[in-house]
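The values are calculated or read from the model by the stated rules, or taken from the named source; none is laboratory data. Small disclaimer: the values here were computed from a predicted structure and weren't measured. Don't worry about glycine lacking a Cβ; one is built from the backbone with ideal geometry, like all the others, and counts go over all protein chains shown.
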Amino acid sequence: MGFLTLDHIYYSYPGQGSTVKDVTWQIEEGEFHCLLGKSGCGKTTLLKLAAGLLKPDKGKVYWQEVEVSKPSSQVGYVFQSPTLLEWKTVFDNILLPISLKRKPNSRELDYGETLLELMGIISQKDKYPTELSGGQQSRVAIARSLIQRPSMLFLDEPFAAVDAITREELQDDLLKLCQLQKTTVIFITHDITEAVYLSDHVAIMSGGQIVHDYKVNLPQERGFKMRYDTYFNELCLKIRQSFSGVSS
Amino acid sequence: MKKVEYYSMLLLLLMLIGWELIAGPMSELVLPAPAAVFIELWNGLSSGYFLPHILRTITEIVLGLSIGCTMGFILGVLMGEIDFLRKLLFPYVIASQAVPKLALAPLFILWFGFGMTSKVVITALICFFPLLENTLTAIQYTDPNKKDLFYILGATRLQTLIHLKIPAGLPAILAGFRVSVVLAVVGAVVGEFIGGSEGLGALIIASQGMMDTPLMFAVLILLTLMGMLLYLGVNLIEGLFLKTYMKGRNK
């Protein structure tokens, strides 16, 4: 059994057909998995099932061999929108997961600042989310999800609303942080190049099922030039072609 | 002063001039000129004649507003949080609001007498609904992603309410409070119309009996100013006590 295992799971919303159909998926510790698929194919639902936000109608989700019935404190989640609390400063937003339980101690405060530095937003520490750009807000959301040093991170198109250059910077920052903490990641995206650049595995979802799972054989250290590499582009093309054969 | 504020002042001046021109040829009984009204207003204020009436009306407004808004807020939160309670009580809340509350005023005078209590009850009843409705809507329609976030973070129901739903709903709740503040003046004055010898509403009825139209206008100006000051008071409260919660949103 893997670090995270989805075992023949099904899910349907009330009054609708199955959104997720018989998905079996295994994620090993420290791996970075991307989930690609057209809009409405069930990616977000699958992510919520894996995180314990939704309970499957059939089948089971196991996390470290224990059945998942609700989200664990060892899990971080980043939504499509940054979901920051507008009335709290950037730093208070980052510390929210801790401050809901108790007053953050000096080590946690220091770690919060380290995350801000790694994400390049230390100068925005005392600002409010409405004063930040879309990219900066995404950075805050990622830093918040990492403050408790989760062993598993779920990200649902976190960079959908930012420009291409900022997106590349955010991808590098995310990789750096996840490698530093050895975090296991499931990342949803619509962007094939983003999926290949970030992950060790790219899964393709269609009609509520995982129809392909590609292994990405790129060096651990990613870099700008890698995006123009022959293998990188061939893999992107292969994934793109596999989309032509499936419908949402 | 900004340009638009100059124009606003200019508009007021034009309206006063227009009022003076229209009122000039008319009887003071029908439409007194602004000059006559302001003299009446000054005399009433400087002699202290208006003071007990102003204090009485303000007391009724503040008490009615506090009771009505507190009840509206608490019930709004409870109904927003507990589905069963919402389904159970909502038809009755709507029914209580469908009855013209001002038509209930004579009944409240009968039940609570001609003193302050009946006016406070009418005011509280009028102020109750806007806050209940806005609080209920704000609590119910909190961003589902933010609710999921709090669920993932292991927040309890009370923590989610205190740290997310209420702060996120503050703009809507404050909008309801502003409506309540303006309606509170209506409630207190109507209560005084129907029964009572003190308060600005009672003074309007008295001036009608004495056919003292300038006095009536002077009291109307006082009531308008009172309503506007209360509205500004809400903004002040917002600025002083809710600064932390509103800060990021105002930018």
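The figures follow:
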item: Matching residues in the range B:49-77 - criterion: being surrounded by fewer than 16 Cβ atoms within 10 Å (Cβ to Cβ) and farther than 17 Å from B:Ser118 by Cβ; result: B:Tyr49, B:Leu51, B:Pro52, B:Leu55, B:Thr70, B:Ile74
item: Matching residues, the range A:114-131, being within 22 Å of the chain's Cα centre (by Cα) and either assigned to a loop (DSSP other than H, G, I, E, B) or without any contact (Cβ under 8 Å) to a residue 40 or more places away in the chain (or both); result: A:Thr114, A:Leu116, A:Glu117, A:Met119, A:Gly120, A:Ile121
item: Residue match in the range A:222-229 (condition: hydrophobic (A, V, I, L, M, F, W, C) and in contact with a Ser or Thr (Cβ under 7 Å, 6 or more places away or on another chain)); result: no
item: Residue within the range B:235-245 that is outside any helix (DSSP H, G or I) and modelled with pLDDT under 90 present; result: yes
item: When residues of the range B:118-139 are limited to those that are in contact with a Lys or Arg (Cβ under 8 Å, 6 or more places away or on another chain) and under 9 Å from B:Gly169 (Cα atoms), the one nearest to the other protein chains (Cβ to nearest Cβ); result: B:Ala138
item: Number of the condition not met by A:Ser99 [criteria: (1) within 20 Å of the chain's Cα centre (by Cα); (2) of a type in the set (Gly, Ala, Ser); (3) within 14 Å of another protein chain (Cβ to nearest Cβ)]; result: (1)
item: Selection count, the range A:33-62, where residues are crowded, with 22+ Cβ neighbours inside 10 Å, within 14 Å of another protein chain (Cβ to nearest Cβ) and touching a helix residue (DSSP H, G or I) at 6+ places or on another chain (Cβ under 9 Å); result: 1
item: Which numbered condition A:Arg107 fails, given (1) among the basic types (Lys, Arg); (2) facing chain B (nearest Cβ under 9 Å); (3) part of a helix (DSSP H, G or I); result: (2)
item: Subset of the range B:37-48 (residues that are surrounded by 17 or more Cβ atoms within 10 Å (Cβ to Cβ) and not β-branched (Val, Ile, Thr)); result: B:Glu40, B:Leu41, B:Gly44
item: Any chance B:Thr135 is crowded, with 20+ Cβ neighbours inside 10 Å and in contact with a helix residue (DSSP H, G or I) (Cβ under 8 Å, 6 or more places away or on another chain); result: yes
item: Lone qualifier among A:Glu86, A:Glu117 - being facing another protein chain (nearest Cβ under 10 Å) and among the acidic types (Asp, Glu); result: A:Glu86
item: Of residues in the range B:159-185 being within 11 Å of chain A (Cβ to nearest Cβ) and aliphatic (A, V, I, L, M), the one surrounded by the fewest Cβ atoms within 10 Å (Cβ to Cβ); result: B:Ile162
item: Hey, A:Lys70 surrounded by fewer than 18 Cβ atoms within 10 Å (Cβ to Cβ) and either free of Cβ contacts under 8 Å to residues at least 12 places away in the same chain or at the interface with chain B (Cβ under 9 Å from one of its Cβ atoms) (or both) or not; result: yes
item: Qualifying position, being touching a residue at least 40 places away in the same chain (Cβ under 8 Å) and over 17 Å from B:Glu60 (Cβ atoms), among B:Ile237, B:Ile221; result: B:Ile221
item: The range A:73-83: number of residues that are in contact with a Gly (Cβ under 9 Å, 6 or more places away or on another chain) and within 9 Å of chain B (Cβ to nearest Cβ); result: 2
item: In the range A:93-137, the residues that are farther than 21 Å from A:Asp173 by Cβ, among the charged types (D, E, K, R) and touching a Leu at 6+ places or on another chain (Cβ under 9 Å); result: A:Lys101
item: Meets criteria (at pLDDT 90 or above and either of a type in the set (Asp, Glu) or crowded, with 21+ Cβ neighbours inside 10 Å (or both)) for A:Arg107; result: no
item: Spans of helices (runs of 4 or more DSSP H) in the range A:163-248 with at least 3 residues crowded, with 16+ Cβ neighbours inside 10 Å and touching a Cys at 6+ places or on another chain (Cβ under 6 Å); result: A:192-198
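Matching residues to (1) within 14 Å of another protein chain (Cβ to nearest Cβ); (2) under 16 Å from B:Leu78 (Cα atoms); (3) buried (at least 18 other Cβ atoms within 10 Å of the Cβ); (4) among the hydroxyl-bearing types (Ser, Thr, Tyr):
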| site | (1), (2), (3), (4) |
| --- | --- |
| B:Gln97 | no, no, no, no |
| B:Phe112 | no, no, no, no |
| B:Thr142 | yes, yes, yes, yes |
| B:Ala155 | yes, no, yes, no |
